[in-house]
Each structure stands twice: as C-alpha cells, then as structure tokens.
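J.: Below you'll find the structure I mean.
What follows draws every value from the coordinates through simple rules; no lab data is involved. None of these values were measured; they are calculated from a predicted model. Quick reminder, even Gly has a Cβ in these numbers, built from the backbone with ideal geometry, and neighbours come from all protein chains shown.
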C-alpha cells in the first residue's frame, strides 16, 4: 500500500489488490428485511378479525359515547371515557397506521431512486409510491380524528355541566367522530390486505406495452405486473424453462401453462385435470416442486396474477374464450379453414382512449402475408396499417371436447391456435372534443388489395374527467377478481392461507 504525500498510510480504493469490504450491501439487505418483517407483522395484526371489527366499529362507538356523556353526565365520566377511547384508538388503529408506514418505507426502498434500475417504467413506479403515500395519509387522518375526539371529550370535562363551552366541545367531539365514521368507511374500502405477499400489485396500472404480442399471455401478464411482481414472474419463467428445455419448446410450454391457469381460474378445468396437464409438461414426480409449489410463484399466486391481468384486459381474454367455444362447437369461424379475425374494444373508452385487441389466424395450409388496417374516424391517428404473416395452422374438422385424456381436446388446440395467431394490442385515441358513440373499423386484405374480412366496432367515447371508467375503479375490480382466483386455487392447497377479497 503506497504512502500518501503527507507520509500517512491511507487505503487506496482503486489501487491494485484493494479488497476491503465495508458490508454496505449486507446492511441494506438487513434493513430491507427488517422493514418487510415489520410490514408483515403489523399487517397480519391489523388484518385479524378482532382488530378489523373493533377498528370499524370504534368511530360509531365514539359517537354513542359522546351522546351518552351529554345525556347522562352524572353517570358517565367524560375523562374516563376519553382515556378508554384514546387507548382503544392506539391499540386497534395503531397496527394499521404502522403497517401503512412500513408499506411506504418498503416501497421507497424497493422502487424508489435507490431501488430503481434503468429501463423500469417510472410512471408506474411513481403511481405506486403516490398511492402508498396517500394510503398512509388517510390512515394518519383517521387516527388523528379519533384522538381529536378523545382530546375534545377530555377537555369538555374541564368545564362544569351546563357550561356553554362544555356543550360546544361535546358537539365538536361528535362532529370529529362523525368525520371518522365516513373516513373509516372510505379507508377500509380502499385499503388492500396489509400483509399482502405482493404489496404493490394492487396499486399498479399498465402504462407501456408492445403492439405485437409474440407470446400473448406471457407478454400481457408482464405488462400488468409491478416491477417486483414482474421480477418474481421472470424468475419463475426461467426456472421452468430449465425444466422444459429437455422436453418441449420452453416459450410454448410457458404459454400453455398460463392458458391452463386461465382455464382453471374460469372453472373450465378442475384441479385434477390441471395437475394432469402439468404432468404432461414435467414429470409427475416434479410437478409439485416445479409448478404447484414453485419457490418464486406458487399456483395460487400465479392464479392471482392471471386474474389480475384478465380483469384489466377482459377484451383480449373474451377473444380467447370465443376461440375456445369455436373449437368446442366447430362453428363457422373454425370450420371455414380460411382466415379468422377477432377484434374487441371496450364498450366505454374513458379519457378519450381505449385498448384495441386484434387476433388474426390463418387456418389454411399456406403461409400468406396480409395487410391489416385500423380506421378510427377523427382518431389520433385516424389510420394504422400493419403487414402480418400469421403461422398457418389447420384445426380439426370436428367439434372438440373441453378436456380429454384419450383424444384431441380444446385445451391443447386453444394454446396452439393462440400461439400461431398474430395478436395486436393497439392504443386508439380521439381528440378531446370528440364525445359519444364512435366507430372503429378493422379490415384485413391480401397484399393486392382484395378484402378478406372487415369488422366495425362501436364504443362510447368520454373525454377526460367525464363518464369513463376511472382508474381507481378498474384497480378495485382487478383486486377483487385476483383475490377470487387466488382463493379458488388455495381451496385445493393450504386453507390456512385463504385471503378474503
């Protein structure tokens, strides 16, 4: 180690052989673990039925207490009532307040500037952190409202019965408790599970996505996951790809696995049928450790992610449902052995925009390029054109059962047809002054201009801050659907992990 100019021997961090380890990474990891343990501990306590019941009933009880003090002052001691009310507030609201603080601290550490990697979607991260900050603010407001009630009740006892100031203070305490009742209902409705295994998923809303979905279910699922959930899903996918490489194409196997989970969530496959299908992908002895109880994402958690994604983009999944029923009925769209185009758009497009999904299948035998055109009158842009060459795949010429162990079934063919299709996820938008029922026309034609098929979809366009579906409402629906799918999967595994919506 070289000497400095001042004759003092100092370490040179960039010098040769410098191997000093200050343990900074371990310190950060330990801090994150402590934060996460705190969030889980206080969250589990806040979510117990007894704490939840008292927390919801406490504001109403506060109003009844203040009324009783006014009605029978000689019987009820306001100071004692204030002390008991304050103690109950600290005891039963404290855990939820602490859980909201720990949730924000964990979010800042994991998704904030230090935990953010280049390329992550900043708008999504900022939305999550803003929502966590808002949740903490509401918890603090509810806590302060009830403590204010206790203080006003105690302060009223400083004045004799019949005094005008005492009466005003008691009325003010009733007002504070009434505000707490309304605010508590709002907070409980908006606050997700405090000890959630995926704490940021319910606060996430998709912002950016690809136009062409090569692996539709995989890519649309990733587009609807927060950064932490996306990391866990990527690790799950990589762990399965190592198993699948020995038997089948890994990407196709991942897609087929997600199709199976989606069909199970839709109650189209029983749990036993689902397990049998998984055993075709991996050996029977490995299905438990590889898929059902994967260390990155187990089956209930995967079901939750799929339910969350379907709730956000139900239009695409309705296209998959129509393809499934077409296979089972062998309807004209399948029996024609020609081109099949399916498109969907929300019935209501809020904030002057919407998501258009188009799925094009070549059900013939020859690979033929075609052109797809999307015409949105008064849209921004009004026309979009794409050159497509879907993989040709001829389906069976007879109706298929939903699931079968001995013959072809819709489960296998559904995954094959979606994989062979050309799936587009397009954003359509209108100018701010456009409102009301508007058409969107989708056409596919041969490269020589001959039209193959054309559809016109209609939607109600609502400008910003108008009658469209709010982002908060869609996030709430996604939260409810995801929990229902997760609990459905948990019904076949560990009942102790059941999570109420």
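J.: Which length gain, in nm to one decimal place, applies between residue 32 and residue 492 when the Cα-Cα distance is subtracted from 0.36 nm times their residue separation?
T.: 162.3 nm
J.: First measure r as the distance between the Cβ atoms of residue 140 and residue 429, then evaluate 1/(1 + (r/R0)^6) with R0 = 45 Å and state the FRET efficiency to the nearest 0.05.
T.: 0.75
J.: Over the chain, what is the percentage of antiparallel beta bridges among all DSSP beta bridges, to the nearest 5?
T.: If we restrict to bridges inside the chain, about 95 percent are antiparallel.
J.: In nm, to one decimal, how far is the residue 84 label point from the residue 270 one, both placed 7 Å along Cα→Cβ?
T.: The two pseudo-label positions are separated by 5.5 nm.
J.: Report the label-to-label distance for residue 383 and residue 61 in nanometres (one decimal), using points 7 Å from each Cα along the Cα→Cβ vector.
T.: 6.9
J.: Given a Förster distance of 41 Å, report the FRET efficiency between residue 460 and residue 231 from their Cβ-Cβ distance, rounded to the nearest 0.05.
T.: Efficiency computed from Cβ-Cβ geometry: 0.60.
J.: Could you check the simple spin-label distance between residue 189 and residue 71, using points 7 Å along Cα→Cβ, in nm with one decimal?
T.: Once both label points are built, they end up 2.9 nm from each other.
J.: Taking Cα atoms, how many degrees apart are the long axis of helix 78-111 and the longest axis of the chain, rounded to 10 and kept between 0 and 90?
T.: The angle comes out near 40 degrees.
J.: Taking 8 Å as the Cα distance limit and 6 or more residues as the minimum spacing, I'd like the relative contact order of the chain as a percentage.
T.: In percent, rounded to a whole number, it is 13.
J.: What's the long-distance tail for the range 329-469, i.e. % of Cα pairs beyond 21 Å?
T.: That tail contains 50 percent of the Cα-Cα pairs.
J.: Could you work out how far the C-alpha centroid of the range 374-398 sits from that of the range 270-326, in angstrom?
T.: 28
J.: Counting only DSSP beta bridges with both residues in the range 329-469, what percent are antiparallel, rounded to the nearest 5?
T.: 90
J.: Rounded to the nearest 10 degrees, what's the angle between the helix 49-71 long axis and the longest principal axis of the chain, both from Cα atoms, 0 to 90?
T.: Relative to the chain, helix 49-71 is tipped by roughly 40 degrees.
J.: May I ask you to derive the relative contact order of the range 25-195, considering only C-alpha pairs under 8 Å and at least 6 residues apart, and to give it as an integer percent?
T.: Relative contact order comes out at 36 percent.
J.: Calculate for the chain the 222 nm mean residue ellipticity that helices alone would give, adding -39,500 (n - 2.57) per DSSP H run of length 4 or more and normalising by residue count, nearest 500 deg cm²/dmol.
T.: -17500 deg cm²/dmol
J.: Given a Förster distance of 22 Å, report the FRET efficiency between residue 441 and residue 338 from their Cβ-Cβ distance, rounded to the nearest 0.05.
T.: Plugging the Cβ-Cβ distance into 1/(1 + (r/R0)^6) gives 0.60.
J.: Shifting gears a bit: Please report the relative contact order for the range 329-469, taking Cα pairs under 8 Å with a sequence separation of at least 6, and give it as a percent rounded to a whole number.
T.: Rounded, it is 33 percent for the range 329-469.
J.: Moving to a separate point now. Taking the chain as the reference, fit the longest principal axis to its C-alpha atoms, fit the long axis of helix 164-190 to the helix C-alpha atoms, and give the angle between the two in degrees, 0 to 90, nearest 10.
T.: 20
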